[in-house]
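The values are calculated or read from the model by the stated rules, or taken from the named source; none is laboratory data. In this text the structure is predicted, and so the values were computed from the model without any measurement. Ideal geometry is used to build each Cβ from the backbone, glycine not excepted, and the neighbour counts take in all protein chains shown. Heavy atoms of the whole protein, side chains included, go into the accessibility calculation; ligands, DNA and RNA do not. Shrake-Rupley method; radii C 1.70, N 1.55, O 1.52, S 1.80 Å.
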Amino acid sequence: MIPLASVFLSVAISAALGAISPPPLPLPNSKVVFCNYETKSHLREETMQCQGKFELSFLEPALQYCTHLVYGYAAINDESLKLVPLNEQFDVIKDNYRHVTSLKSRHPQLKVLLSVGGNDDISGEGQEKNLKYREVVESSAHRLAFINSAHTLVKSFGFDGIDLAWEFPETKPKKIKSGFGKFWSAVKKTFTGETVIDEDAEKHREQFTSLVKELKNTFKADNLLVTLTVLPNINSTVYYDPRALAPHVDFVSLHAFDFYTPQRNPKLADFPAPLYDLIDRRPDENVDAWVKYWLSNGFPANKLILGIPTYGRTWKLDDDAKVDNVPPEGLDGAGDPGPLTKDAGILSYPEICVRVQGAGNVSPQGYRKIVDVTKRRGSYAYKLPDEEKDEDGIWIGYEDPESAASKAAYVKNKGLGGIAIDDLTLDDFRGTCSRDRFDKYAILKAAVAGL
Ligand SMILES: *[C@@H]1O[C@H](CO)[C@@H](O)[C@H](O)[C@H]1NC(C)=O
């Protein structure tokens, strides 16, 4: 439960923070900074009214803070089970692969990784959803075909290695009835009544370890990196064996966020990416729980890196919504698409900052912002419906520079290897949130400064 009184304090703190200038790389404590680059962003709309499209040149001001640039994403071919470009036209014919790997000539510290999957490589439905990701690991012949094709693709385009953002089946979202009181009991029920999502999960976990081991054996001859990204809502306990994977990976990046999304939980909004366990939530749906699982199962801290999102999740508020506490009551699915990203239920940080910024309790745009003074759960903001103007209300749980800095401090205190910014194209790449338009990438910079 979050009392509204914290609003006053929050505003004072954010005003005092001011601009942050992080140290240039390499960082003295040799942390890594993975910068994810979602190439789908080139498909966003570009008109006079909407400047959503992300051009490659926009990466430039970010790269001095990145040790690794992660190209998202490549795909697995349904039939051959080989690694292939997800968007042949853009990646290969328009040469974006090479444009990106050649950024290394101006940024000698930079390694560029080709990432596979990442929830962008969509196939099948129901039990068949992303089945090819299980098929690849299931036999040594399939694994070999995948590894050889990956090796060829990575080498021919000058990548420094591969990142497996493997699309294992996701955990089922909780079934929630409306009403705060019912929230608790529903949570308890799911603990005992978990439905099985993959009967061969244990086998797949062992086979995935084999894939990673065999992949590293092939890649290591050419000094190529092998990293893993654990995607949101993939249960590490089920699919990842930290101790067995450790010798064969350079880094593992934990995308410990999106625990709540309007797609998974249309009637329940909550902090999407809390750092610590919150009262009466599932104990394994926070950053700290994920990190503890990996560390307590024999994975070295200096190879573990923490994903930090650069966006917020949004829900529509009903006319009778109650927002005094978190979770709020009276939700009606995904919030409206933002002007730049044009996707329901998600807003990029610059789309959020223009709504919530401003001194006082309520921003000029009519949003009330509650910054996370506890540094445990993340920020949120909301705007109630306006019946007169016939405007929907919206509730936004989001990462901001302050919460990103808290996560970086956590990484530092735990001696983890670094951070992964997910992703650059949703951070403030135009400097919209700053008074100085050359001051770009607010979340990336705040996180790097906190390391
Ligand atoms: C993850 O799997 C374990 C069992 O291996 C289970 O106890 C736990 O509830 C699961 N977590 C989620 C979020 O589904």
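Calculate for the chain the 222 nm mean residue ellipticity that helices alone would give, adding -39,500 (n - 2.57) per DSSP H run of length 4 or more and normalising by residue count, nearest 500 deg cm²/dmol.
-8000 deg cm²/dmol
Rolling a 1.4 angstrom probe over the protein heavy atoms, how many square angstrom per residue are accessible across the chain?
Accessible area per residue, the chain: 43 Å².
May I ask you to give the average projected area over all directions of the convex hull of the Cα atoms of the chain, in nm² rounded to one decimal?
21.0
Compute and list, largest first, the equivalent-ellipsoid semi-axes of region 328-451 from the alpha carbon gyration tensor, each √(5λ) rounded to a whole angstrom.
27, 16, 14
In the structure displayed, which of K129/K220; K53/K322; K31/K292; K172/K412; K53/K213; K213/K292 lie more than 30 Å apart, Cα to Cα?
From the list (K129/K220; K53/K322; K31/K292; K172/K412; K53/K213; K213/K292), the Cα-Cα distance tops 30 Å for K129/K220; K53/K322; K172/K412; K53/K213.
Taking the Cα centre of region 269-369 as origin, sum charge times position over the Cβ atoms of Lys and Arg (+1) and Asp and Glu (-1), and report the length of that vector in debye to the nearest 20.
Details: 11 positive and 15 negative charges, 102 e Å.
Here region 269-369 has a charge dipole of around 500 debye.
Between region 253-301 and region 309-373, what is the C-alpha centre distance in whole Å?
Measuring centre to centre over Cα atoms gives 20 Å.
Just to check I understand the Karplus step: with θ = phi - 60° and J = 6.51 cos²θ - 1.76 cosθ + 1.60, what whole-Hz values come out for region 265-277, glycine and proline as x?
10, x, 9, 9, 9, 7, 4, x, 8, x, 6, 10, 4
Percent of accessible area on the chain owned by carbon and sulfur, 1.4 Å probe?
Details: 9960 of 19300 Å².
Accessible surface attributable to carbon and sulfur in the chain totals 52 percent.
Using the 4.7 Å Cβ rule, please list in number order the cysteines from the chain without any candidate partner.
C50
State the antiparallel share, in %, of DSSP beta bridges confined to region 204-335, rounding to the nearest 5.
Percent antiparallel among DSSP bridges in region 204-335 is about 30.
Could you put D372, D78 in order of accessible surface area, largest first, with the 1.4 Å probe and the full protein assembly present?
D78, D372
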